[in-house]
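Q: The structure follows.
The values are calculated or read from the model by the stated rules, or taken from the named source; none is laboratory data. Note that this is a predicted model, so its numbers are computed, not measured. Neighbour counts run over all protein chains shown; Cβ positions are idealised from the backbone, glycine included.
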Amino acid sequence: MQNATVEGGETVVRNHVAKKLSTSSGKATTLEGLEAKWSKMSTWYAESMQMWSQPGYQVLFSNLRLQGQPAGLRILEVGCGPGDALLRCLPQLPEGSKYTATDYSTVMVAKARKVLPSYIKVCRASGDDLPFSSASFDRYISNLCLMLVPSFEKAVVEAARVLSPGGVLAVTLWGDRSSSPYFTIKPKVMKALGIAPTSSSAAPDRSNFHVADRGDSEIRKLFLDRGFDRCTLFHSRLAKGHLDGKEFAEEILGDARSRGMLKDLSKKDQTALLTGITKEADNMIEQGIPLALDVVHLFARRAVA
(Lines give C-alpha, C1' and ligand atoms only; values in the text may rest on other atoms or scores of the structure.)
Protein backbone atom coordinates (compact mmCIF):
# COMPACT_ATOMS: atom_id res chain seq x y z
CA MET A 1 0.00 0.00 0.00
CA GLN A 2 1.36 3.42 -0.89
CA ASN A 3 0.61 6.70 0.87
CA ALA A 4 -3.02 5.96 1.72
CA THR A 5 -4.65 8.36 4.16
CA VAL A 6 -8.13 8.96 5.48
CA GLU A 7 -9.65 12.41 5.27
CA GLY A 8 -13.19 13.16 6.32
CA GLY A 9 -14.07 9.47 6.20
CA GLU A 10 -12.72 9.13 2.67
CA THR A 11 -9.79 6.90 1.79
CA VAL A 12 -7.52 8.81 -0.54
CA VAL A 13 -4.60 7.27 -2.42
CA ARG A 14 -1.91 9.94 -2.74
CA ASN A 15 0.82 8.65 -4.97
CA HIS A 16 -1.02 8.55 -8.31
CA VAL A 17 -3.43 11.45 -8.03
CA ALA A 18 -1.38 14.13 -9.73
CA LYS A 19 0.60 12.27 -12.35
CA LYS A 20 0.12 10.24 -15.50
CA LEU A 21 0.66 6.53 -15.41
CA SER A 22 1.97 4.42 -18.25
CA THR A 23 -0.38 1.78 -19.58
CA SER A 24 -0.03 -1.42 -21.54
CA SER A 25 -1.13 0.39 -24.69
CA GLY A 26 1.81 2.78 -24.48
CA LYS A 27 -0.51 5.70 -23.82
CA ALA A 28 -1.54 7.21 -20.53
CA THR A 29 -4.60 8.12 -18.56
CA THR A 30 -4.98 9.97 -15.28
CA LEU A 31 -7.00 9.53 -12.15
CA GLU A 32 -8.04 13.17 -12.42
CA GLY A 33 -9.51 12.40 -15.84
CA LEU A 34 -11.38 9.36 -14.55
CA GLU A 35 -12.68 11.33 -11.59
CA ALA A 36 -13.90 14.18 -13.79
CA LYS A 37 -15.48 11.91 -16.40
CA TRP A 38 -17.40 9.61 -14.07
CA SER A 39 -18.46 12.33 -11.66
CA LYS A 40 -19.89 14.22 -14.64
CA MET A 41 -21.58 11.11 -16.02
CA SER A 42 -22.78 9.71 -12.69
CA THR A 43 -26.43 10.77 -13.00
CA TRP A 44 -26.70 9.60 -16.62
CA TYR A 45 -25.07 6.28 -15.71
CA ALA A 46 -27.33 5.72 -12.70
CA GLU A 47 -30.47 6.49 -14.71
CA SER A 48 -29.62 4.95 -18.09
CA MET A 49 -26.92 2.33 -17.79
CA GLN A 50 -26.93 0.68 -14.38
CA MET A 51 -29.92 -1.57 -15.04
CA TRP A 52 -28.37 -2.42 -18.44
CA SER A 53 -25.23 -3.69 -16.71
CA GLN A 54 -27.12 -5.58 -13.98
CA PRO A 55 -27.16 -8.96 -15.79
CA GLY A 56 -23.36 -9.02 -15.94
CA TYR A 57 -23.21 -8.02 -12.30
CA GLN A 58 -25.50 -10.89 -11.36
CA VAL A 59 -23.31 -13.38 -13.24
CA LEU A 60 -20.39 -12.22 -11.11
CA PHE A 61 -22.32 -12.77 -7.89
CA SER A 62 -23.46 -16.18 -9.11
CA ASN A 63 -19.84 -17.24 -9.59
CA LEU A 64 -18.34 -15.85 -6.37
CA ARG A 65 -18.98 -19.15 -4.57
CA LEU A 66 -20.91 -17.48 -1.77
CA GLN A 67 -23.10 -20.41 -0.77
CA GLY A 68 -22.12 -22.36 2.31
CA GLN A 69 -19.48 -19.86 3.40
CA PRO A 70 -18.98 -19.14 7.10
CA ALA A 71 -20.04 -15.85 8.67
CA GLY A 72 -17.57 -13.03 8.29
CA LEU A 73 -16.75 -13.54 4.60
CA ARG A 74 -14.74 -10.49 3.53
CA ILE A 75 -15.72 -9.12 0.11
CA LEU A 76 -14.19 -6.23 -1.85
CA GLU A 77 -15.81 -4.50 -4.80
CA VAL A 78 -13.77 -2.25 -7.09
CA GLY A 79 -15.84 0.25 -9.07
CA CYS A 80 -19.20 0.09 -7.29
CA GLY A 81 -20.60 3.14 -9.10
CA PRO A 82 -23.77 4.64 -7.62
CA GLY A 83 -24.49 1.46 -5.66
CA ASP A 84 -27.92 0.45 -6.97
CA ALA A 85 -26.63 -2.69 -8.69
CA LEU A 86 -25.07 -3.88 -5.45
CA LEU A 87 -28.22 -3.04 -3.51
CA ARG A 88 -30.20 -5.49 -5.66
CA CYS A 89 -27.70 -8.28 -4.96
CA LEU A 90 -27.32 -7.84 -1.19
CA PRO A 91 -29.84 -10.61 -0.33
CA GLN A 92 -27.38 -13.10 -1.86
CA LEU A 93 -24.61 -12.32 0.63
CA PRO A 94 -23.96 -14.88 3.37
CA GLU A 95 -25.08 -13.76 6.80
CA GLY A 96 -22.43 -11.74 8.58
CA SER A 97 -20.49 -10.87 5.42
CA LYS A 98 -18.18 -7.87 5.59
CA TYR A 99 -18.54 -5.98 2.31
CA THR A 100 -16.34 -3.07 1.24
CA ALA A 101 -17.38 -1.15 -1.89
CA THR A 102 -14.98 1.28 -3.56
CA ASP A 103 -15.03 3.79 -6.40
CA TYR A 104 -12.64 6.55 -7.37
CA SER A 105 -15.34 9.09 -8.26
CA THR A 106 -16.30 11.15 -5.20
CA VAL A 107 -19.76 11.66 -6.68
CA MET A 108 -20.25 7.91 -7.17
CA VAL A 109 -19.07 7.27 -3.60
CA ALA A 110 -21.57 9.82 -2.28
CA LYS A 111 -24.41 8.26 -4.30
CA ALA A 112 -23.50 4.75 -3.11
CA ARG A 113 -23.46 5.84 0.52
CA LYS A 114 -26.98 7.20 0.13
CA VAL A 115 -28.51 4.02 -1.28
CA LEU A 116 -26.55 1.28 0.51
CA PRO A 117 -27.21 0.18 4.11
CA SER A 118 -24.78 1.29 6.79
CA TYR A 119 -23.23 -2.16 7.19
CA ILE A 120 -21.70 -1.79 3.71
CA LYS A 121 -18.44 0.16 3.96
CA VAL A 122 -18.07 2.57 1.03
CA CYS A 123 -14.78 4.36 0.39
CA ARG A 124 -12.79 6.03 -2.36
CA ALA A 125 -9.91 4.12 -3.92
CA SER A 126 -8.33 3.29 -7.26
CA GLY A 127 -8.26 -0.33 -8.36
CA ASP A 128 -4.55 -0.22 -9.20
CA ASP A 129 -3.48 1.10 -5.77
CA LEU A 130 -5.78 -0.33 -3.11
CA PRO A 131 -5.46 1.05 0.44
CA PHE A 132 -5.92 -2.33 2.12
CA SER A 133 -3.59 -4.79 3.81
CA SER A 134 -2.46 -7.92 2.00
CA ALA A 135 -4.74 -10.97 2.24
CA SER A 136 -7.50 -8.85 3.79
CA PHE A 137 -10.35 -10.15 1.58
CA ASP A 138 -11.79 -13.53 0.59
CA ARG A 139 -13.69 -12.37 -2.48
CA TYR A 140 -13.05 -9.67 -5.11
CA ILE A 141 -15.65 -8.38 -7.56
CA SER A 142 -15.46 -5.71 -10.27
CA ASN A 143 -18.05 -5.05 -12.96
CA LEU A 144 -16.92 -3.28 -16.17
CA CYS A 145 -14.29 -1.27 -14.33
CA LEU A 146 -10.75 -2.64 -14.52
CA MET A 147 -10.22 -1.68 -18.18
CA LEU A 148 -10.71 1.93 -17.05
CA VAL A 149 -8.02 2.19 -14.36
CA PRO A 150 -4.65 3.74 -15.30
CA SER A 151 -2.83 0.40 -15.16
CA PHE A 152 -4.71 -2.86 -15.73
CA GLU A 153 -1.61 -4.90 -14.86
CA LYS A 154 -1.23 -3.15 -11.52
CA ALA A 155 -4.93 -3.69 -10.82
CA VAL A 156 -4.46 -7.46 -11.30
CA VAL A 157 -1.42 -7.44 -9.01
CA GLU A 158 -3.37 -5.49 -6.40
CA ALA A 159 -6.30 -7.90 -6.64
CA ALA A 160 -3.97 -10.83 -5.97
CA ARG A 161 -2.30 -8.97 -3.12
CA VAL A 162 -5.48 -8.15 -1.18
CA LEU A 163 -7.01 -11.63 -1.67
CA SER A 164 -6.27 -14.37 0.81
CA PRO A 165 -4.88 -17.67 -0.55
CA GLY A 166 -7.72 -19.53 -2.25
CA GLY A 167 -9.76 -16.34 -2.52
CA VAL A 168 -12.02 -15.92 -5.55
CA LEU A 169 -11.98 -13.06 -8.06
CA ALA A 170 -14.88 -12.30 -10.42
CA VAL A 171 -14.66 -9.48 -12.96
CA THR A 172 -16.21 -8.33 -16.20
CA LEU A 173 -14.48 -6.31 -18.92
CA TRP A 174 -15.43 -4.78 -22.23
CA GLY A 175 -14.97 -7.63 -24.70
CA ASP A 176 -14.75 -8.12 -28.47
CA ARG A 177 -15.19 -4.77 -30.20
CA SER A 178 -16.40 -6.44 -33.42
CA SER A 179 -19.38 -7.79 -31.45
CA SER A 180 -20.09 -4.54 -29.61
CA PRO A 181 -22.13 -2.25 -31.89
CA TYR A 182 -23.62 -0.48 -28.88
CA PHE A 183 -20.36 1.42 -28.50
CA THR A 184 -18.86 1.16 -32.00
CA ILE A 185 -21.66 2.44 -34.24
CA LYS A 186 -21.28 6.10 -33.23
CA PRO A 187 -17.50 6.37 -33.89
CA LYS A 188 -17.93 4.42 -37.13
CA VAL A 189 -20.56 6.86 -38.40
CA MET A 190 -18.56 9.88 -37.20
CA LYS A 191 -15.52 8.66 -39.12
CA ALA A 192 -17.59 8.06 -42.28
CA LEU A 193 -19.01 11.59 -42.05
CA GLY A 194 -15.65 13.16 -41.31
CA ILE A 195 -16.81 14.42 -37.91
CA ALA A 196 -13.90 14.64 -35.50
CA PRO A 197 -14.33 14.65 -31.70
CA THR A 198 -14.59 18.21 -30.40
CA SER A 199 -13.10 19.74 -27.27
CA SER A 200 -16.34 18.92 -25.48
CA SER A 201 -16.12 15.26 -26.43
CA ALA A 202 -12.42 14.53 -26.37
CA ALA A 203 -11.85 10.82 -26.82
CA PRO A 204 -10.16 8.90 -23.99
CA ASP A 205 -6.43 8.25 -24.30
CA ARG A 206 -7.18 4.62 -25.11
CA SER A 207 -10.14 2.47 -26.05
CA ASN A 208 -12.05 0.63 -23.33
CA PHE A 209 -11.47 -2.45 -25.50
CA HIS A 210 -7.71 -2.25 -24.94
CA VAL A 211 -7.60 -5.22 -22.55
CA ALA A 212 -9.82 -7.52 -24.62
CA ASP A 213 -7.85 -6.60 -27.76
CA ARG A 214 -5.03 -8.76 -26.37
CA GLY A 215 -7.15 -11.88 -26.76
CA ASP A 216 -8.51 -14.33 -24.20
CA SER A 217 -5.31 -16.37 -23.93
CA GLU A 218 -3.20 -13.34 -23.11
CA ILE A 219 -5.71 -12.11 -20.54
CA ARG A 220 -5.69 -15.49 -18.79
CA LYS A 221 -1.89 -15.57 -18.86
CA LEU A 222 -1.73 -12.13 -17.30
CA PHE A 223 -3.74 -13.32 -14.29
CA LEU A 224 -1.88 -16.62 -14.02
CA ASP A 225 1.45 -14.78 -14.06
CA ARG A 226 0.38 -12.38 -11.30
CA GLY A 227 -0.65 -14.48 -8.35
CA PHE A 228 -3.61 -16.56 -9.52
CA ASP A 229 -3.38 -20.32 -10.11
CA ARG A 230 -6.73 -20.96 -11.83
CA CYS A 231 -8.49 -18.71 -14.34
CA THR A 232 -11.49 -19.27 -16.61
CA LEU A 233 -13.39 -16.85 -18.82
CA PHE A 234 -16.28 -16.70 -21.25
CA HIS A 235 -18.15 -14.06 -23.24
CA SER A 236 -21.74 -12.84 -23.19
CA ARG A 237 -23.51 -9.73 -24.43
CA LEU A 238 -25.33 -6.90 -22.71
CA ALA A 239 -28.16 -5.38 -24.72
CA LYS A 240 -31.29 -3.29 -24.15
CA GLY A 241 -33.47 -4.97 -26.73
CA HIS A 242 -33.50 -2.03 -29.15
CA LEU A 243 -35.88 -2.59 -32.04
CA ASP A 244 -35.82 0.93 -33.49
CA GLY A 245 -32.72 2.61 -34.90
CA LYS A 246 -33.77 6.18 -34.12
CA GLU A 247 -34.52 5.29 -30.53
CA PHE A 248 -31.02 3.81 -30.27
CA ALA A 249 -29.42 6.86 -31.90
CA GLU A 250 -31.14 9.27 -29.53
CA GLU A 251 -30.06 7.19 -26.55
CA ILE A 252 -26.43 6.81 -27.62
CA LEU A 253 -26.19 10.56 -28.19
CA GLY A 254 -27.71 11.31 -24.79
CA ASP A 255 -24.70 11.02 -22.49
CA ALA A 256 -22.90 14.13 -21.22
CA ARG A 257 -19.95 13.81 -23.62
CA SER A 258 -22.16 13.35 -26.68
CA ARG A 259 -24.41 16.24 -25.70
CA GLY A 260 -21.37 18.47 -25.46
CA MET A 261 -20.21 17.31 -28.88
CA LEU A 262 -23.58 17.99 -30.47
CA LYS A 263 -23.52 21.57 -29.19
CA ASP A 264 -20.25 22.11 -31.04
CA LEU A 265 -21.55 20.71 -34.33
CA SER A 266 -23.50 22.50 -37.02
CA LYS A 267 -27.19 21.66 -37.41
CA LYS A 268 -26.31 19.92 -40.67
CA ASP A 269 -23.74 17.66 -38.97
CA GLN A 270 -26.08 16.97 -36.06
CA THR A 271 -28.78 15.79 -38.45
CA ALA A 272 -26.31 13.74 -40.51
CA LEU A 273 -24.97 12.04 -37.39
CA LEU A 274 -28.41 11.18 -36.03
CA THR A 275 -29.50 9.91 -39.45
CA GLY A 276 -26.32 7.89 -39.97
CA ILE A 277 -26.52 6.18 -36.58
CA THR A 278 -30.22 5.47 -37.10
CA LYS A 279 -29.57 3.89 -40.50
CA GLU A 280 -26.66 1.78 -39.25
CA ALA A 281 -28.65 0.60 -36.22
CA ASP A 282 -31.76 -0.21 -38.25
CA ASN A 283 -29.65 -2.22 -40.70
CA MET A 284 -28.28 -4.38 -37.88
CA ILE A 285 -31.69 -4.78 -36.25
CA GLU A 286 -33.18 -5.92 -39.57
CA GLN A 287 -30.47 -8.60 -39.71
CA GLY A 288 -31.34 -9.73 -36.21
CA ILE A 289 -28.08 -8.46 -34.71
CA PRO A 290 -28.46 -7.11 -31.16
CA LEU A 291 -27.08 -3.65 -30.45
CA ALA A 292 -24.98 -5.00 -27.61
CA LEU A 293 -21.69 -4.82 -25.77
CA ASP A 294 -19.65 -8.00 -25.76
CA VAL A 295 -18.49 -8.73 -22.22
CA VAL A 296 -15.65 -10.85 -20.86
CA HIS A 297 -16.55 -12.70 -17.64
CA LEU A 298 -13.41 -13.81 -15.84
CA PHE A 299 -13.08 -15.89 -12.68
CA ALA A 300 -9.80 -16.67 -10.94
CA ARG A 301 -8.47 -18.22 -7.75
CA ARG A 302 -5.73 -16.65 -5.68
CA ALA A 303 -2.83 -19.06 -5.62
CA VAL A 304 -2.87 -21.38 -2.65
CA ALA A 305 0.48 -21.53 -0.87
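Q: Exactly one condition in (1) surrounded by 15 or more Cβ atoms within 10 Å (Cβ to Cβ); (2) basic (K, R); (3) assigned by TED's automatic domain parsing to the domain that holds K186 is false for R220; which is it?
A: Unmet for R220, out of (1) surrounded by 15 or more Cβ atoms within 10 Å (Cβ to Cβ); (2) basic (K, R); (3) assigned by TED's automatic domain parsing to the domain that holds K186: (3).
Q: Follow-up. Under 9 Å between Cβ atoms, which residue pairs at least 6 apart in sequence (or on different chains) link something in the range 37-63 that is assigned by TED's automatic domain parsing to the domain that holds C89 with a partner that is of a type in the set (A, V, I, L, M, F, W, C) and at pLDDT below 65?
A: Correct list of pairs: Y45/W38.
Q: Could you list all residues from the range 157-175 that are touching a Leu at 6+ places or on another chain (Cβ under 6 Å) and in a helix (DSSP H, G or I)?
A: Those that are touching a Leu at 6+ places or on another chain (Cβ under 6 Å) and in a helix (DSSP H, G or I): E158, A159, V162.
Q: Also, I was wondering about something else. Restricting attention to the range 71-85, which residues are assigned to a loop (DSSP other than H, G, I, E, B), farther than 18 Å from G56 by Cβ and in contact with a strand residue (DSSP E or B) (Cβ under 8 Å, 6 or more places away or on another chain)?
A: G72, L73
Q: Next question. When you go through R113, R88 one by one, which is the residue that is assigned by TED's automatic domain parsing to the domain that holds L233, part of a helix (DSSP H, G or I), free of Cβ contacts under 8 Å to residues at least 40 places away in the same chain and more than 25 Å from F234 (Cβ to Cβ)?
A: That would be R113, the only listed residue that is assigned by TED's automatic domain parsing to the domain that holds L233, part of a helix (DSSP H, G or I), free of Cβ contacts under 8 Å to residues at least 40 places away in the same chain and more than 25 Å from F234 (Cβ to Cβ).
Q: How many residues are within 15 Å of F234 (Cα to Cα) and of a type in the set (D, E, K, R) if we restrict to the range 158-176?
A: Total satisfying the criteria: 1.
Q: Kindly establish whether L60 is at pLDDT 90 or above, of a type outside the set (S, T, N, Q), part of a helix (DSSP H, G or I) and touching a strand residue (DSSP E or B) at 6+ places or on another chain (Cβ under 7 Å).
A: In short, yes.
Q: Is the range 133-145 home to any residue that is over 15 Å from the mean Cα position of the chain (by Cα), outside any loop (DSSP other than H, G, I, E, B) and surrounded by fewer than 16 Cβ atoms within 10 Å (Cβ to Cβ)?
A: no
Q: Kindly provide the set of residues from the range 153-178 that are buried (at least 17 other Cβ atoms within 10 Å of the Cβ) and either out of contact with any Gly (no Cβ under 9 Å at 6 or more places or on another chain) or farther than 30 Å from A303 by Cβ (or both), ordered by number.
A: V162, G167, V168, L169, A170, V171, L173, W174, G175, D176, R177
Q: Hey, another quick one. Please enumerate the residues belonging to the range 110-132 that are over 18 Å from M51 (Cα atoms) and surrounded by 19 or more Cβ atoms within 10 Å (Cβ to Cβ).
A: Those that are over 18 Å from M51 (Cα atoms) and surrounded by 19 or more Cβ atoms within 10 Å (Cβ to Cβ): I120, V122, C123, R124, A125, S126, G127, D128, D129, L130, P131, F132.
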